[in-house]
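Participant: Please read through the structure below; I'll follow up with questions.
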Amino acid sequence: MAARAYWQGQIRLALVSIPVEIYSATKSGAQIAFHQIHEPSGERIKYEKVAPGIGPVDADEIIKGFEVEKGEYVLLEQDEIDAVKLESKKTLELTQFVDQSEIDVLYYEKPYFVVPADDLAEEAFIVLREALRRTKKVGLGQLAMRGREYIVSLKPCGRGLILETLRYADEVNKAQGYFREIADTKPDPELLDLAEALIDRKTAAFDPQEFHNRYVDALKELIERKRKAKGKTKIIEDKDEGGRSASNVVDLMAALKKSMEGKSGGEPVKKAPAKPAAKKPAAKKPAAKKPAPAKKRA
């Protein structure tokens with residue numbers, strides 16, 4: 001395996017220890033980095049670390065400080081900070097198992113691939129993986145990596161395992177504070193049926209290759225056009241905001257129906273059959289009027 005292991009140690013379940021290696025499961029995507037340039041000279045802007053009233057200072061004169069009050073700092077040497085870092089434990093002990101649905105998505109932070117460290121560890125590794133898969137459980141524990149302790153979850157992934165670092169409770173904002181003002185009402189059944197039909201229409205298997213960073217692609221194209229123009233032409237294209245404005249508050253029913261009819265793009269789809277209207281009882285025929293009695297002649 002070409003990549004370098006992010007962590008090496010063992011997973012412990014009761015008296016069973018499984019030597020494993022952990023590798024980062026993600027990487028940074030394509031990004032466009034800009035520098036600040038002094039336009040008249042074309043020189044790149046550089047920054048110096050300065051102290052007020054003193055000017056530029058050397059890196060070896062800089063120390064870390066924690067502000068306890070405005071303008072008052074507790075100064076700490078780097079070796080003092082290093083001394084309180086957690087030693088990188090070589091064991092991840094699984095102390096609890098939960099249903100995956102019990103962990104809110106807000107707590108998940110970063111995924112890692114977990115593989116057996118050697119052939120001898122493979123049998124126990126496979127047993128743990130399949131036990132998690134059959135019970136549909138996620139293993140939880142705490143693990144110290146590079147001076148920080150994480151809550152981690154462990155679950156099956158193909159032939160291997162996925163370890164995900166989790167955020168602590170005090171690192172997650174409570175949703176209630178943001179959702180409190182949203183009305184707790186039931187939607188109109190017909191609107192809900194139309195929305196569900198639109199979702200069904202656009203449902204497909206997830207393929208990450210179908211998605212591209214359009215902003216990065218557009219920036220690359222702009223940079224190439226500027227390079228070919230040797231920077232002499234200012235390139236600004238009109239942006240189509242899709243008609244999004246304050247006046248875009250339209251009738252929701254009409255908008256959903258137009259979407260289903262294909263007026264917002266795509267092929268029209270058949271509407272769901274309307275529910276048959278309840279039959280009204282037949283109106284009673286008016287009773288025939290009796291003929292008026294003939295008048296007697298005087």
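The values are calculated or read from the model by the stated rules, or taken from the named source; none is laboratory data. For clarity, every value in this text was computed on a predicted model and none was experimentally measured. For neighbour counting, all protein chains shown are included, and Cβ atoms are generated from backbone atoms with ideal geometry for every residue, glycine included. These area figures cover heavy atoms from the full protein model, side chains too; ligands, DNA and RNA do not enter into them. Shrake-Rupley method; radii C 1.70, N 1.55, O 1.52, S 1.80 Å.
Participant: Provide the three semi-axes, in whole Å and in decreasing order, of the ellipsoid equivalent to the stretch 1-55 as defined by the square roots of 5 times the Cα gyration tensor eigenvalues.
Facilitator: Numbers: eigenvalues 467, 80, 14 Å².
In descending order the semi-axes read 48, 20, 8 Å.
Participant: I've got another one for you. Treat each spin label as a single point 7 Å out from the Cα along the C-beta direction, and report the Val16 to Ala229 distance in nm.
Facilitator: Taking the two extended label points, one gets 6.5 nm.
Participant: Ignoring ligands and nucleic acids, what accessible area does Tyr73 show with a 1.4 Å probe (Å², nearest 10)?
Facilitator: The accessible area comes out at roughly 130 Å².
Participant: Something else about it: Can you tell me how much longer the chain between Ile199 and Ile32 gets when fully stretched, taken as 0.36 nm per residue apart minus their C-alpha distance, in nm with one decimal?
Facilitator: Values: separation 167, 0.36 × 167 = 60.12 nm, distance 3.43 nm.
My answer for the length gained is 56.7 nm.
Participant: Could you tell me the convex hull volume per residue, in Å³, taken over the Cα atoms of the stretch 23-62? Walk me through the numbers before you get to the answer.
Facilitator: Details: hull volume 6.6 nm³, N = 40.
Considering the Cα atoms of the stretch 23-62, their hull volume per residue is 166 Å³.
Participant: Distance check, please: which entries in Lys90/Lys155; Lys89/Lys110; Lys46/Lys230; Lys27/Lys174; Lys27/Lys110 exceed 21 angstrom between their Cα atoms?
Facilitator: Details: Lys90/Lys155 19 Å; Lys89/Lys110 19 Å; Lys46/Lys230 24 Å; Lys27/Lys174 29 Å; Lys27/Lys110 11 Å.
Over 21 Å apart, Cα to Cα: Lys46/Lys230; Lys27/Lys174.
Participant: In whole Å, how far is the Cα centre of the stretch 138-161 from that of the stretch 1-71?
Facilitator: Here the answer is 23 Å between Cα centres.
Participant: Right, here's the next one. In the calculated pair distance distribution of the stretch 72-158, what percentage of Cα-Cα distances lie above 17 Å?
Facilitator: On the way: 2275 of 3741 pairs.
I get 61 percent for the Cα pairs in the stretch 72-158 exceeding 17 Å.
Participant: Evaluate Rg over Rh across the stretch 99-203, taking Cα atoms for both radii and Kirkwood's formula for Rh. Don't skip to the answer; put the middle values down first.
Facilitator: Working: Rg = 19.8 Å, Rh = 17.3 Å.
Here the Rg-to-Rh quotient is 1.14.
Participant: Contact order normalised by length for the stretch 114-201, with contacts defined as Cα pairs under 8 Å and 6 or more residues apart; what percent is it?
Facilitator: Working: 66 pairs, mean separation 16.4, N = 88.
In percent, rounded to a whole number, it is 19.
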